[in-house]
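To keep things clear, I will list the structure first and then write my remarks on it.
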């Protein structure tokens with residue numbers, strides 16, 4: 001169920017100095033925690049990581065076994081036609097795995113609901129920390145480790161969500177086993193539930209993927225006017241093309257069929273005979 005309360009999070013500067021708490025956006029952090037959606041999203045994420053290359057050989061693919069090991073009758077032993085039968089040592093495998101795809105598809109709205117639920121679950125646990133813009137001049141694991149320690153994530157699994165892709169920040173955190181750096185727009189439900197502390201850059205939290213929500217959806221007034229003009233021009237061009245094709249097309253004239261021509265010839269011959 002959704003809560004009506006608002007959530008607040010600890011806030012830090014880029015150097016790790018504590019500052020006033022920040023109120024999380026109400027449209028995203030509204031208390032919604034939908035467990036089935038999160039389960040479906042995590043299950044699909046893990047399934048999509050599988051390569052699906054496991055393979056075994058059935059009896060027809062195992063080398064050898066072309067000759068009957070002994071004659072059919074008279075030996076006192078059971079009948080055998082091949083040494084590669086499944087019950088023989090070195091024989092083929094019955095119902096073994098074959099290469100296949102384990103990919104699962106989750107609808108976009110379910111993915112969005114699961115991601116939102118994971119963020120709300122972390123907000124309920126006070127596991128979301130807001131930080132100013134992180135920017136390193138060069139990749140330094142020492143700087144990332146010091147920053148994580150200052151915000152209280154020294155012995156926790158920390159997920160750092162940046163405002164867009166930042167190579168120096170990513171390379172600074174990739175050697176830390178309990179730190180994972182991702183752009184905020186690319187975070188999945190699995191990563192949010194994996195983490196014990198989520199460190200989000202404030203610009204990313206305000207604008208999502210680095211642009212305003214209106215711009216991301218293409219709903220600015222300028223874009224709306226451009227879209228309307230483009231649609232009108234396209235419809236007009238289509239109508240003009242259709243009318244031009246109709247004008248060029250010659251009018252249909254009724255051509256006499258073979259049967260009609262024969263009947264006309266017979267009538268003419270009768271009249272002449274009379």
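Given a Förster distance of 45 angstrom, what is the FRET efficiency for residue 142 paired with residue 58, based on the Cβ-Cβ distance and rounded to 0.05?
E(calc), rounded to 0.05, equals 0.20.
Return the equivalent ellipsoid semi-axes of segment 56-96 as a descending list in whole Å, where each equals the square root of 5 times an eigenvalue of the C-alpha gyration tensor.
22, 10, 6
What is the helix-to-structure angle for 258-273, meaning the angle in degrees between its Cα long axis and the longest Cα principal axis of the chain, kept from 0 to 90 and rounded to the nearest 10?
Between helix and principal axis, roughly 20 degrees.
What is the spin-label model distance, in nm, from residue 238 to residue 18 if the labels are put 7 Å beyond Cα along the C-beta direction?
6.2
Round to the nearest 10 and give me the degree value, 0 to 90, for the angle of helix 35-48's Cα axis relative to the longest principal axis of the chain.
Tilt of helix 35-48: around 70 degrees.
I need two numbers for segment 98-153: Rg to one decimal and Dmax as a whole number, Cα atoms only, in Å.
Radius of gyration, then largest Cα-Cα span, for segment 98-153: 18.0, 50 Å.
How big is the Cα convex hull of segment 1-115 in projection, averaged over all directions, in nm²?
Average projection, Cα convex hull of segment 1-115: 14.8 nm².
May I have the convex hull volume per residue, in Å³, for the Cα set of the chain?
Each residue corresponds to 438 Å³ of Cα convex hull volume.
What relative contact order, as a whole-number percentage, does the chain give when Cα pairs under 8 Å and 6 or more residues apart are counted?
Here the relative contact order equals 18 percent.
Between 0 and 90 degrees, rounded to the nearest ten: what's the tilt of helix 221-248 against the longest Cα principal axis of the chain?
Once rounded, the angle reads 10 degrees.
Given labels modelled 7 Å from the Cα in the Cβ direction, how far is it in nm from residue 109 to residue 75?
6.7
Using the alpha-carbon centroid of each, what span in Å lies between segment 151-176 and segment 1-46?
Taking the Cα centre of each part, segment 151-176 and segment 1-46 sit 18 Å apart.
With a Förster radius of 41 Å, plug the Cβ-Cβ distance of residue 89 and residue 50 into 1/(1 + (r/R0)^6) and report the FRET value to the nearest 0.05.
E(calc), rounded to 0.05, equals 0.85.
Read-outs throughout are calculated quantities, based only on the coordinates presented, and are distinct from any laboratory measurement. Keep in mind that what you see is a predicted model, and the values were worked out from it rather than measured. Heads up, the Cβs are rebuilt from the backbone with ideal geometry, glycines too, and the neighbour counts pull from every protein chain shown.
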